[in-house]
Amino acid sequence: MKLSQLFEDAAGKKVLMSGNEAFARGIFEAGVRFAANYPGTPLSEVGDYLKYLSDISTTFTFDYALNEKVALESCIGASWANSRSVAIFKHLGLNVAADPLHTFPYSGVNAGMLILCGGDPGILSSTNAQDNRMYSLHTKTPIIEPSNIQECKDFIKEGLRLSELYKIPLYIHVTTRLCHSYGVVTLGEIQEPTQTGHFEKDPNRFVNTLGRALNNQKKYFQIVSEVAKNRKIFHLLNKVKLWSKEKPRSNIGIITSGICYSYVLQACHKLNIKPPILKLGLIFPINREEICHFANEYELNLLLVVEELEPFIETFSKRVFCNFCNAMRDLEIHGKDYLPNTGELNTDLVIRFFANFFEVDNKYLLEEFSKKEEALKEILPMLPIRQPTFCPGCQYRPVFYALKKVTAKIYEEMGIQHIFSGDIGCYTLSEAYPYQLLDWVVCMGAGVGIANGMAQILNKNQKLIAYIGDSTFFHTGIQPLLNALKNNIDLTVLIFNNYWTAMTGHQELIATPEQFLKKYGDQSSTQEKSIDLINFVSNMGIENLVVTDAYNIEKLERIFYNTLQKKGLKVIIINEECALEKKRRIRREKKAELSKTQQPSNKVKSETYYTISDSCSKCNECIEFYGCPAINALYIDENIEANNDSRSRELRYYIDETMCVPEVCPGVCRQVCKNQMIHKTMINPYLKDEKKNSK
Amino acid sequence: MADIFNILITGVGGQGAVLLGNLLRTYGLTSPLIKNVVGTETRGVSQREGSVSATTRYLIDSKIYSLDQKYEADELISALIPLNDAHLVLGLEPLETIRNLKYISEQTVVILNTHQNFPRNVLFGSEQEKKYPSVAYIIDLLDQFARRVIAMNFNTLSQTQFDNSIYANSIILGVGAQEFRNVFLKKEMGQIIRGNLKNAETNIKAFELGYKLISNY
């Protein structure tokens, strides 16, 4: 969906949206005045949309904060000054922001405030699958969870309203599958932001010390239990699904929430069963009476709970029925004793779960499932997977190629083995073949952090290299580096300064040079100043500091070889913009320039080409060990498809023009080729081929 | 009452699976036959050359099109397709199509582009011990599971007809639309292509070529 359409004033219009688009739209419709975010899948795109909105809007401010803690704290400040605010980050970000989250709810909020947090049960793009609903066991923050795309938008508005009503923050729990799904949404009215911008002093409420904190805690807990008892809220956010007007015949009921609700509906259809379903929108706190009422009303003797990850709703339900519902003592509750507590759920898993309890008239369905699974067991493991790698022209590739050579050389010459301490960012891909230069990865900033301790303990024949990117450095990397400096530990730190938060989709950060910042409009843009990472690190007073560009393998090898043999803390800054974003930026700028002079914009691509000579000896150095995806291979005889051993066929190596990025990469593959078989040319060799073919 | 019609698109990053998914969802929003539409995309961690699949699911009025799966017309459905439940699979790449075999069953029509995209790590690197299965094997396998398989090198067809292989997906879309004429109204599909794709005229020609392809054989 076009960004301009996402924020148009068209109440009642039906549009197709992704979950992330719906969140951004909800924030817009609700008259939110301030939002802050640290990018992270599954919610990265929400920040991108809001950045656009802040550029074109006079009333809305958006900030790519340095980390999640700063993002959350900024939003607390905005809400206390009477403006609606939303903090947005992924599940892991809440660990960083957990400190204020445990205290500020005691003081509460003024204007509505939400924490929009995306979970990743399938660990599709994270390092763990923690269930953030568990945070509410000790922060007491109420959790609401949308179950479809329309609710993604509507729950932002409802959430802000509730937050304002009770003066406490609310937590919106979503998962990857909903953020990345599409559905039809009816647009709503746009509210004008509340614009007081005034903070009313109240030390008893906002200064949480000694007796005040205890008092405020009591008040806060009281409010949360009021939310739990409010029947109106229960019926506003939760829903009982019945299949017909008659009372359901089965004595089995289902409780579920979020995206799992759609799996439950689908499973009921497939199995042709019609149990009453309680879909929770308010996951925490749980309304005891209403849940008991659900069980009593439909005379349930069995309750099935469908949720991803931890048995959160299940545990609460069990507590409710054990302690409070005397009439329902013989109610059986099942959930995680059948469903997995790792990974995403899907319809198939729910069908199997239900089949244990319901009398299923279409038995063949389960047989089919088993049959299919048996068949797939033989086929799927045989299929080769497609492994991720750095983009074509990526500035990290020459770095890891050189680092691999140098560390191998040092091992050979001196018997010193290097250990590679990883961090979160594109450089995590260095674990893949052919580089394999990564020994662990834990969380943001942990690369230098873990190295801090290990470097002080290691024997002499092992040495440490820690990686960190610019965005990660400013997120949580400064303290571990300063700690290493304080102790002058024997450690080499590689800082990759690529100017962007690249892996989540090239969001700007504090280290992005001012002239590169993307601007969609001339309205409020939050980032006014950039900080030069090289300057910043230089001022720390690190003795062994080297700054280098990335596209010269010989130079990199020299620097690595010299630096790695030194003692104490060494820092090497690889100063090179992300190749992918640089290519886009150059093309954008060229296009803008051409349009100024009113020339046709079809000549924005570079006119340099790299080709591989026909007399290439196929030593595989470029294609296998350097591994740029732009260098590719084709079977010479394309028409033979049915042969069994693909490896016996002859390959022709070529450089894929559509992937090669000559405007960014100066042809590093030529430095790699020992036989000088890769040539630079200004004539498009592919154009000639195409003409030949068409004749 | 309504029925669900499930479309799965499988391919490699950059082949256009995401774009095709979007196109079909947009069609779902505008077509008079379709009551509701959902969908999702599954992308790997890799920005390039990774496995990609996209789903589109229509809720269609049972009076118009019946598949024996009765739902309420305004019902919310999950974006993921249940096991065995795909009706139409647009396989943009052979290996990625059999990777999604779990959705293919006796009710599935598979349109397969036989043009292979070899993962580099099969040719060089970590997956050298695993082979890329032959296209003949892949078609055989699909035949065992699916109701109907239409396999062809659509890249070559597009290259010979339009001097460029990028129109292959539009031809595939045309073949799929012809297989399910009740779901895909030709005129409306043309409008969607015109409104959403670059080089719309050639894409419509490619779509029409695909639409007529099977009856011409």
Select from A:T389, A:V448, A:G47 the residue farthest towards the positive end of the dipole of chain A; place +1 on Cβ of Lys and Arg, -1 on Cβ of Asp and Glu, and compute about the Cα centre. A:G47
Roughly how many debye, to the nearest 20, is the charge dipole of chain A about its Cα centre, given +1 on each Lys and Arg Cβ, -1 on each Asp and Glu Cβ, and no other charges? 680
Helical contribution to [θ] at 222 nm, DSSP H n ≥ 4, -39,500 (n - 2.57), averaged over the protein assembly as shown, rounded to 500: -11000 deg cm²/dmol
Expressed in nanometres to one decimal, the distance between label points 7 Å along Cα→Cβ at A:D361 and A:N296 is 3.3
Virtual spin-label span in nm between A:N684 and B:Q191, 7 Å along Cα→Cβ: 3.6
Between helix A:478-487 and chain A, what is the angle of the helix's C-alpha long axis to the longest principal axis, kept within 0 to 90° and rounded to the nearest 10? 60
Report the paramagnetic label zone for A:C322: residues of the range A:132-148 whose backbone N is under 20 Å from a point 7 Å from Cα along the Cα-to-Cβ axis. A:134-138
Among A:M682, A:M17, which comes first, second and so on when ranked by fewest other beta-carbon atoms within 10 Å? A:M682, A:M17
Contact order relative to length for chain A, counting C-alpha pairs under 8 Å separated by 6 or more residues, stands in percent at 11
Taking Cα pairs closer than 8 Å and at least 6 residues apart, the relative contact order of the range A:408-584 in percent is 20
In degrees between 0 and 90, to the nearest 10, how far off the longest principal axis of chain A does helix A:68-80 point, with axes built from Cα atoms? 50
Apply the Karplus curve 6.51 cos²θ - 1.76 cosθ + 1.60, θ = phi - 60°, to the phi angles in the range A:121-130 and return the couplings in whole Hz, x for Gly and Pro. x, x, 6, 7, 8, 8, 10, 8, 10, 3
For the protein assembly as shown, alpha-carbon Rg over 2.2 N^0.38 Å: 0.99
Within chain B, what's the longest run with no trypsin sites (Lys or Arg not before Pro) in a DSSP loop and at most 15 other beta-carbon atoms within 10 Å? Give the range, please. B:1-62
How much length would be gained if the chain were fully extended between A:Q598 and A:E412, taking 0.36 nm per residue of separation minus their Cα-Cα distance, in nm to one decimal? 61.0 nm
Toward the positive end of the charge dipole of the range A:355-413, about the Cα centre and with charges on Cβ (Lys, Arg +1; Asp, Glu -1), which of A:A375, A:A408, A:N356 goes farthest? A:A408
Would you mind computing the Rg to Rh ratio of the range A:215-373 from its alpha-carbon coordinates, Kirkwood style for Rh? 1.00
Let's test the formula: R0 of 22 Å, r as the Cβ-Cβ distance of A:I419 and A:T127. What FRET efficiency results, to the nearest 0.05? 0.70
Packing-based exposure ordering (other Cβ within 10 Å, fewest first) of B:M189, A:M444, A:M677: A:M677, B:M189, A:M444
Derived scalar couplings ³J(HN,Hα) [the range B:134-143; Karplus, 6.51 cos²θ - 1.76 cosθ + 1.60; whole Hz; x for Gly, Pro]: 6, 4, 4, 5, 4, 5, 4, 4, 4, 4
Using a Förster distance of 45 angstrom, determine the FRET efficiency expected from the C-beta separation of A:H138 and A:R352, and round it to 0.05. 0.85
Mind listing the phi-derived Karplus ³J(HN,Hα) values for the range A:589-599, rounded to whole Hz, using 6.51, -1.76 and 1.60 with θ = phi - 60°, and x for any glycine or proline? 5, 4, 4, 4, 5, 5, 5, 5, 8, 6, 9
Quick check: pseudo-label points 7 Å beyond the Cα along Cα→Cβ at A:M1 and A:I190, how many nm apart are they? 1.4
Among A:Y298, A:Y220, what is the fewest-to-most ranking by other Cβ atoms within 10 Å? A:Y298, A:Y220
Of A:L282, A:H269, A:L331, whose Cα points farthest to the positive end of the dipole of the range A:242-338 (charges on the beta-carbon: +1 Lys, Arg; -1 Asp, Glu; origin at the Cα centre)? A:H269
Per residue convex hull volume, Cα only, the range A:38-184, in Å³ is 106
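Each reported figure results from applying straightforward, stated rules to the coordinates on display, with no laboratory input. This is a predicted model, so every value here is computed, not measured. Methodologically, a virtual Cβ is constructed for each residue, glycine included, from the backbone with ideal geometry; neighbour enumeration extends over all protein chains shown.
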